[in-house]
Every structure is written in C-alpha cells, then in structure tokens.
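Asks: To start, I am sharing the structure in question, which I have written as structure tokens.
Bear in mind these aren't lab numbers, they're just calculated from the coordinates by the rules spelled out. It should be emphasised that the depicted structure is a prediction, and the values quoted were computed from it without experimental measurement. When we count neighbours, we look across all protein chains shown, and the Cβ atoms used for this are built from the backbone with ideal geometry, even at glycine.
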Amino acid sequence: MSLKCLFGGLTASILLFVSVSVAGAQPIATGYTNWDDITIDLMAVERSGNVLTIGWAVRNEGDETQNVRFSLTRDIAGTFAVDQENGTKYFVLTDEAGVCLASECVFVDVGVGSEGIDENIDGGRTKRFWMKLPAPPPAVTNLAIFFNETQPFEDVPITEK
C-alpha cells in the first residue's frame, strides 16, 4: 500500500468522523416559534471565565425560504439570558465600537431598530448562530434563555468550558 493511499484513507476517515460528530450533536432543548415552519434548537450554553457563549441552530422544516431576526442590542433586545434566582438580565457583549459579539451583527428593523441577526433560511435547511454575553457568577448554574418569537428555554444548565 502506498503512503499516498494510506494518507488519503486516513484523511477520509477523519473527515467522516468529524462530519458524524457535528451532525450527531444533540440540542439541549427545542422550541417552536411564531415563524412559519421554524424551530430553534438550543445547542450550547458555555461559561469560560467571564464570558458566556450561547449557540443555537435554526431549522426551517418547510419548503419556502423564511426570514428570521434576532434583536440583540438596545432596549428592544429580544434575545438574552436571565438569571432567575437573582433577577439579572444578560445582554450580548459589544466591542468598543458598539458592534455586538455574535455570529452576525447587522441592523435589524423590528420597529425601533436594533443590531442583531437577520438571515434567510432556505426550506429544509439549518443555520447555526452564536452570541457572547457576560457570564453570571460561578454560583449560578442555570439560566433562562430568551429568543425572539418563541417561549423561553427555562432552567438551562451552564456548561463550564
């Protein structure tokens, strides 16, 4: 067997393993939305030092392209986390220029205007998103996660990274 054949087979095996691992990721929770045929899968709530990362996937289970908008900033932010025990609300972090630390940060017109995520999702497709928030104190182990157009995800455990 040639080295080229062995290396090619090893590369294919690694790629297969990676694609199966990612495809097999199970959501923490699933929520139905007010958007036609759109479902949100909460994929990760991870604390690393003073930063909390929330990852989610948006599935379009229909045939038509759907637009989803997640407002992340200003007084009308509809996507955030709440420490229900202490009554603290956590919003997306921003840099010095006010740009939100998220998978996307564009102007989202939800009546008043906000920065956030504005994406079209083709029928049968899934897109993944993330945002960074200030982490709650280490004693806080669960949060409620809020997204636009769906019921809150309650008592979501925080994973330490």
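Asks: For Lys89, which aspartates and glutamates qualify as cross-link partners when the Cα separation must be under 15 Å and same-chain residues fewer than eight apart are set aside?
Replies: Of all the aspartates and glutamates, those that pass the test against Lys89 - Cα under 15 Å, at least 8 places apart if same chain - are Asp75, Glu154, Asp155.
Asks: Tell me the net charge near Ile158. Cut-off is 12 Å between Cβ atoms, Ile158 excluded, with +1 for each Lys or Arg and -1 for each Asp or Glu.
Replies: Numbers: positive: Arg47, Lys161; negative: Glu46, Asp83, Asp155, Glu160.
Once all neighbours under 12 Å are counted, the net charge is -2.
Asks: With only Lys, Arg, Asp and Glu charged, each at its Cβ (+1 for the first two, -1 for the last two), find how big the charge dipole of the stretch 27-160 is about the Cα centre; round to the nearest 20 debye.
Replies: In total the dipole reaches around 320 debye.
Asks: Here is a follow-up. Pull up the cross-link candidates among the aspartates and glutamates for Lys161, meaning alpha carbon to alpha carbon under 15 Å and not fewer than 8 places away within one chain.
Replies: In chain and number order, the partners are Glu46.
Asks: Please list, ordered by chain and number, the residues whose modelled amide H lies under 5 Å from the amide H of Ala135; skip anything fewer than 5 residues away on the same chain.
Replies: Those lying under 5 Å, H to H, from Ala135 are Val51, Leu52.
Asks: Ile158's amide H: which non-local residues (gap 5+, or another chain) put their own amide H closer than 5 Å, with H modeled 1.01 Å from N in plane and none for Pro or chain starts?
Replies: Hits under the 5 Å cutoff: Asn142, Leu143.
Asks: Another question, if that's okay. For the pair Glu96 and Glu160, what calculated FRET efficiency results from E = 1/(1 + (r/R0)^6), where r is the Cβ-Cβ distance and R0 = 30 Å, to the nearest 0.05?
Replies: 0.60
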